[in-house]
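First up is the structure itself, then whatever we jot down about it.
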Amino acid sequence: MNVVNELRQLLGETAVLDANTLRERAAGIWRATEPLAGQALIRPTTTEDVSQALVWCAERDLKVVTQGGLTGLVHGADTDPDCIILSLERMNAIESIDATQRCAVVQAGVTLQTLQEAAAPHGLMFPLDLGARGSATLGGNAATNAGGNRVIRYGMMRDMVLGAEAVLADGTVINSLSPLIKNNAGYDLKHLFVGSEGTLGVVTRLSLRLREAPVSRDMAFVALDSFDHVKALLRHMDQQLGGGLSAFETLWSEYYQLVTTKPAQSRPPVPHGYEFYVLLEAQGADGELDRQRFKMALESAFEQGLLVDAAVSQSEADCHAFWQIRDDVQQIFQLGTPLFFDVSLPIDRMSAYVDDVRSSLATTEALAVYVFGHLGDGNLHFGIPLPSERAAALRPQIEACVYGPLAAFKGSVSAEHGIGLEKKSWLSVSRSPEEIALMKTLKRALDPRNMLNPGKIFDV
């Protein structure tokens, strides 16, 4: 069987890349030096192409791995030389933007930034936002239920998906595209595919909820001297801003110092030396009133002793600079080979949990522990640099230090990046045996050949 020739006859000459051509592509943005491996890469332009390709692969018992922007962190789109890669890169059209209904219909290969920019002239916004916005695709965002910077106000990707079109392993097209916010007509099938990491079907098109674009943005970087004050500040600002709080990013002192000290490009907007730093963002509809409300909320926080110092944005350039500080995780790479973790847990448990992780890691070869994250929605990130030559060997021990304690309070080993290959052995920390069994039942029902992204999330 000549896989490439047969697929080209089915889909067209330019729709299929052979194994030699694949080696000219990187395996992902985090694996830039590794060539992409597979028998062939399919680049469909229509849902019908996807359906025909999956039928062809199913008849020949070939495994299929769907890829988007390859910005994932958990090896959820890894391939091997025997698989067929299905890339949605040529399904990249924004089919419609409905300003009245405030929704967009897009093909899965559209990048996040492309939709953000297309919504703006309509006075609308697509509120999902993350650092890989220029590369991450909306299909991938849906397949991993992406989170990002403004979950506290707008929710996860799941909250923005009004409808989805997906192709099952046998080629069946499930068209659940809908512009409706409220639709209680039976099972909500789109949710089967959101967060499924390509294991239940290939998401080809999405109906996405847009929001009215805010006309104001106010930000501050504040310093605090205790975690109790961090928790109190979150509630205080959310109450005082009447739902306008759009980001509450917390940086432990070590991370703040790292990203505001040379060779980092940023300088500290508030001095070093405090225990915690919080980046606050509020969005609103009236520039002057919103600015005054934000200022008054900060002043009352000072009066209550919640803050010890603050720097308030005076321009959009300041806002951009504040986010640059939060997002400069590249500094951790200067110290060794980093392992990154995204976990979710109750806010009240965070301080003790971080202390426990630090204590456990003290017995390992971890060079340092950098903690930061979307605390407003219960999500923490760890960046842990290790000696380069020892990173792979130390990973299991480090993972045990980070993931093990989460079981005691039903925390999640994945807040927003998914499970993929990297976390599959830790899934039982966050999901009960009954939940995992039901997931496997769904997998077998929709993909009985275990053809779609096999081996990811769990084994069946």
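Annotation: amide H-H contacts under 5 Å for Ala213 (H modelled 1.01 Å from N, sequence separation of 5 or more, or interchain): Leu124, Met125. Compute the separation of the alpha-carbon centres of region 417-435 and region 66-134 and state it in Å as a whole number. Rounded to whole Å, the Cα centres lie 25 Å apart.
Sorted ascending by nearby beta carbons within 10 Å, beginning with the fewest, Thr204, Thr14, Thr21 become Thr14, Thr21, Thr204. Amide H to amide H, with H built 1.01 Å from N, Glu95 comes under 5 Å of Val105, Val106, Gln107, counting only residues 5 or more places away or on other chains.
Annotation: amide H of Ser246 within the under-5 Å range of Glu281, Ala282, Gln283, sequence separation 5 or more or interchain, hydrogens built in the peptide plane. With each label modelled as a point 7 angstrom along the Cα→C-beta vector, the Arg211-Ala285 pair spans 1.3 nm.
D for the chain, whole µm²/s, Stokes-Einstein with Kirkwood Rh over alpha-carbon pairs at 25 °C and 0.890 mPa s: what number? Estimated via Stokes-Einstein, D reaches 105 µm²/s.
What the phi angles of region 434-445 give under the Karplus curve with 6.51, -1.76 and 1.60, with θ = phi - 60°, is a coupling list of 5, 5, 5, 4, 5, 4, 5, 4, 5, 4, 5, 5 Hz, glycine and proline written as x. Computed from phi, the 3J(HN,Hα) profile of region 396-408 under the Karplus parametrisation 6.51, -1.76, 1.60 (θ = phi - 60°) reads x, 5, 5, 4, 4, 5, 7, 8, x, x, 5, 4, 5 Hz, with x in place of Gly and Pro.
Sequence-ordered 3J(HN,Hα) estimates for region 266-275 from the Karplus curve with 6.51, -1.76 and 1.60 and θ = phi - 60° stand at 7, 10, x, x, 10, x, 5, x, 9, 6 Hz, glycine and proline given as x.
Across region 94-212, Cα-Cα distances exceeding 20 Å account for 35% of all pairs.
Which ordering of Lys410, Lys456 is given by a fewest-first count of other beta-carbon atoms within 10 Å?
By the 10 Å Cβ count, ascending, the order reads Lys410, Lys456.
Stretching the chain fully between Ala317 and Thr172 yields a gain of 47.3 nm (0.36 nm per residue, less the alpha carbon separation). Sorting Met296, Met350 by the number of Cβ atoms found within 10 Å of their own Cβ, with the fewest placed first, yields Met296, Met350. Computed extension length for Asp225-Ala362: 47.0 nm, one decimal, from 0.36 nm per residue of separation with the Cα-Cα distance subtracted.
Label region 1-134 by shape, choosing from rounded, prolate and oblate, from the square roots a ≥ b ≥ c of the eigenvalues of the Cα gyration tensor; if a/c is under 1.5 it is rounded, and otherwise prolate applies when a/b is larger than b/c, oblate when it is not. Since a/c reaches 1.5 but b/c is at least a/b, the shape of region 1-134 is classed as oblate. Taking every Cα-Cα distance in region 334-414 and sorting them into 5 Å bins from zero, the calculated P(r) comes out as 3, 15, 30, 25, 15, 8, 2, 0 percent.
No lab work stands behind these numbers, since they all come straight from the coordinates. Computed from a predicted structure; not experimentally measured. Note that we place each Cβ from the backbone using ideal geometry, even for glycine, and neighbour counts take in every protein chain shown.
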